[in-house]
Each structure stands twice: as structure tokens, then as C-alpha cells.
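Readers should treat all values here as calculations from the given coordinates under stated rules, not as data from a laboratory. Computed from a predicted model, the values in this text were never measured in an experiment. Every residue, glycine among them, receives a Cβ derived from its backbone with ideal geometry; neighbour counts consider all protein chains shown.
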Amino acid sequence: MLLRLLLFFVLACLFLLLLNLLLSWRKRQHSLRSHDHWTQPKEMVLDPQCQSYLPKSEAILRGEHYFCSEECVRLYLSR
């Protein structure tokens with residue numbers, strides 16, 4: 001009886017260890033894929049007011065120019 005209980009305990013520990021390894025492996029794979037998203041090159045644009053580059057997806061388009069903020073838009077258009 002004690003031997004069966006010990007065997008059950010060892011098998012349960014092995015099962016939990018394998019489950020933990022599987023879950024951590026999947027989490028690591030997911031983080032590697034999401035890391036690839038951040039390392040993709042992005043198209044950059046130049047703000048004509050403050051001369052800073054920023055990703056086009058984050059820029060504010062006014063006319064034919066891209067700006068980093070509404071303040072830069074206001075300052076540029078007031079010239």
C-alpha cells in the first residue's frame with residue numbers, strides 16, 4: 001500500500017513537471033513571436049518643426065507634413 005502511494009506521488013510529480021515545462025515552452029515561443037513584431041522595421045517620418053523622426057503610424061498628418069504633436073503643428077503653421 002505504501003509503495004503504491006509512493007509510486008502515485010512520483011508519477012504525479014513527473015506529470016506536474018512536464019506540464020510546467022510545456023507551459024513555459026509555449027510562453028517562451030509566444031514571447032519570441034511577439035518580439036519579432038517589435039523588431040520589424042517601421043517607416044519613419046521627419047517632423048519639420050522639431051526635426052525629430054518618429055514612426056509614421058504614430059505621426060499626425062497635416063497637409064503633406066507629419067508632426068510628432070499638436071504643438072509642433074501649431075508652431076509650424078504659425079510661421
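Using only Cα atoms, find the angle between the long axis of helix 2-39 and the longest principal axis of the chain, and express it within 0 to 90 degrees, rounded to the nearest 10.
Result, in degrees: 10.
Run the quick spin-label model on LEU75 and SER24: label points 7 Å from Cα toward the beta carbon, then report their separation in nm to one decimal.
My value for the distance between the label points is 5.0 nm.
Can you divide the C-alpha Rg of the chain by 2.2 N^0.38 Å and report the result to two decimal places?
2.38
In the chain, which longest range has no GluC sites (Glu not before Pro) that are both DSSP loop (not H, G, I, E or B) and surrounded by at most 16 other Cβ atoms within 10 Å?
Details: sites that count: GLU43, GLU64.
The segment 1-42 is the longest one with no such site.
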